[in-house]
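The values are calculated or read from the model by the stated rules, or taken from the named source; none is laboratory data. These numbers come from a predicted model, not from an experiment. With ideal geometry, Cβ positions are generated from the backbone for all residues, glycine too; neighbour counts draw on all protein chains shown. Quick note on the areas: whole protein, heavy atoms, side chains included, nothing else; ligands and nucleic acids left out. Shrake-Rupley method; radii C 1.70, N 1.55, O 1.52, S 1.80 Å.
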Amino acid sequence: MQTLANFIQGRYQEPVGGAYLDNVEPATGQVYGRIPDSDARDLELAVAAAEAALPAWKAMSIEARAKILYTIAEGIELRLDELAFAESVDNGKPVSLARSLDIPRAASNFRFFAQAITQYASEAHSMGEDGVNYTLRDPIGIVGCISPWNLPLYLFTWKIAPALAAGNCVIAKPSEVTPATAALLGEICTDAGLPAGVLAIVHGVGGRIGRALVEHPKVKAISFTGGTATGAEIARVAAPAFKKLSLELGGKNPTLVFADCAYEKTLDGVLRAAFANQGQICLCGSRIFVERPLYERFKADFVARAAARRLGDPLETATEHGALVSEAHLAKVLSYVELAKAEGGRVLTGGERVRPEGRCAEGYFLPPTVIEGLPFDCRVNQEEIFGPVATLMPFDSEEEVLGMANSVRYGLAASVWTENLSRAHRVAKRLEAGVVWLNCWLLRDLRTPFGGVKDSGVGREGGFEALRFFTEAKNVCIKY
Ligand code: NAD
């Protein structure tokens, strides 16, 4: 049994209240550890440590701060195998995915913002003969970062790295469902020379330690990634205190396949977009619209490939499709399969829990599931499922597919598959989404603005957008 601890003032500490939560391995359904169920008392320790550390951290030269962040990136890379294993056990994702995507990206997040901060400049506004203004962008102070379970270390570091680079002290709360790699990050930061108190990692449930973090008067900004309902609750609590808020929320992303697409490349891309990480990526394309002349052929090949994905023990390197993150989440996803049937859908493949032989028999496995025959405006096609469930729908015109694609309350991401250049750009322009991929999916350049429109969030992460979020602008005006 593994027992995790909070990381406060550069040391691992037991929760003040001595309470713990179980941590379950999704591939086996077994409790394999426990994590602190922290509360406001633990947060007070973290805030006090951050207050003490802040003056020196803010005053440190940008080069020195950047050097520490580079060293953290190297520390993550040095422990790639250990972190990938921990992520896979904790989350149920294939270890090959954790090794190739999650952990390398966590290292890139630190390296990228170590570089970005050295290139971050602020503006000057000349008033001609009268005077000049310049803008200072100083760290905010103590900030809170709250992340979800689907890409645990990847999204945790995506927030922490820019916040630290900008000179803030950070109190970070990983998801209680997947705390393992976040817990290891404290050690890596200490080894890299991050001063004690600059980063605290506190574990526990959202409604207790998460809420305390959002409420704390000395925490001046909250960067949150998670569900839309949680984002609304955080906004409700934080807004009256005038905290800066960045909210990256849910999605229900459309995939638009035109008959003139590059067929094989499209099949591969759409399959990955639908089922990577068991469909548990906010950017996954779960509503697949296919132009009618291609529909039957695409359906046959797509279903065959979905059914052929290797499901099994996430710790085996050949596994492509692992377990869903929890029993409750599996039940939620399965309830949408039942709803799909009630709404008139036909399940073409998947749709039922699978119990692999051996150690994973009690794990939370649902194979790639493809459903057709549903109207675009039914609940299954409007609500976020966040699992390996994709629907197929034919369309006849650009106008029609844009109407269906934009019909949901979300607006995070979309992908468009066509070899017609003007159509690709025309459609991209009209899609209601913060990110549009043309003939690709999840191809990321960390300099670009990342975030959603409508109920998918407020604000943008990535590149200078993140550094702007984690700094406060002050205009200084000089009269000649
Ligand atoms: P969630 O909203 O349940 O939890 C996210 C985090 O918020 C967890 O750490 C949780 O403990 C914490 N939390 C919960 N209630 C809180 C409260 N009242 N105050 C403060 N913190 C609280 O989300 P989840 O189930 O972990 O993640 C899945 C969701 O995340 C999906 O909706 C998915 O689309 C979304 N997501 C969005 C993005 C994006 O970039 N837009 C990326 C990944 C996941």
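Points to keep in mind about this one:
- Per the conditions (1) surrounded by fewer than 17 Cβ atoms within 10 Å (Cβ to Cβ); (2) within 27 Å of Pro94 (Cβ to Cβ), the sole criterion not satisfied by Pro367 is (1).
- Of the residues making up region 306-330, those that are closer than 22 Å to Asn381 by Cα and open to solvent by 60 Å² or more (accessible area, probe 1.4 Å) are Ala307, Ala328.
Here's the yes/no breakdown for (1) at pLDDT 95 or above; (2) within 30 Å of Lys58 (Cβ to Cβ); (3) within 19 Å of the chain's Cα centre (by Cα):
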residue	(1), (2), (3)
Phe365	yes, no, no
Pro368	yes, no, no
Glu398	yes, no, no
Val408	yes, no, no
Val436	yes, no, yes
Trp441	yes, no, yes
Lys454	yes, no, yes
Ala473	yes, yes, no
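- Only listed residue being over 26 Å from Ser326 (Cα atoms) and β-branched (Val, Ile, Thr), chosen from Val380, Val370, Val389, Val408: Val408
- Applying the condition of being within 17 Å of Ser175 (Cβ to Cβ) and not in a loop (DSSP other than H, G, I, E, B) to region 8-30 and asking which residue is most open to solvent (accessible area, probe 1.4 Å) yields Asp22.
- Residues being open to solvent by 40 Å² or more (accessible area, probe 1.4 Å) and among the hydroxyl-bearing types (Ser, Thr, Tyr) - total across region 332-364: 1
- Checked against the criterion of being in a helix (DSSP H, G or I) and open to solvent by 10 Å² or more (accessible area, probe 1.4 Å), region 164-178 has no qualifying residue.
- The listed residues are Gly227, Gly197, Gly207, and the only one of them that is open to solvent by 20 Å² or more (accessible area, probe 1.4 Å), out of contact with any strand residue (DSSP E or B) (no Cβ under 6 Å at 6 or more places or on another chain) and over 22 Å from Gly387 (Cβ atoms) turns out to be Gly207.
- Residue within region 279-286 that is closer than 29 Å to Ala98 by Cα and more than 12 Å from the ligand (Cβ to nearest atom) present: yes
- Residue ID - surrounded by the most Cβ atoms within 10 Å (Cβ to Cβ), chosen from residues in region 243-272 that are of a type outside the set (D, E, K, R) and within 14 Å of the ligand (Cβ to nearest atom): Asn253
- Selection status of Glu461, acidic (Asp, Glu) and within 12 Å of the ligand (Cβ to nearest atom): yes
- When the criteria are applied in full, Ala5 fails the requirement of being among the hydrophobic types (A, V, I, L, M, F, W, C) and open to solvent by 50 Å² or more (accessible area, probe 1.4 Å).
- For region 242-257, a residue qualifies if it is in contact with an Asp or Glu (Cβ under 9 Å, 6 or more places away or on another chain) and more than 13 Å from Phe450 (Cβ to Cβ), and the qualifying residues are Lys244, Gly250, Lys252, Leu256, Val257.
- Region 425-453, residues that are closer than 13 Å to Thr255 by Cβ and polar (S, T, N, Q): Asn439
- Looking only at residues of region 211-242 that are assigned to a loop (DSSP other than H, G, I, E, B) and within 12 Å of the ligand (Cβ to nearest atom), we find that the one that is nearest to the chain's Cα centre (by Cα) is Gly226.
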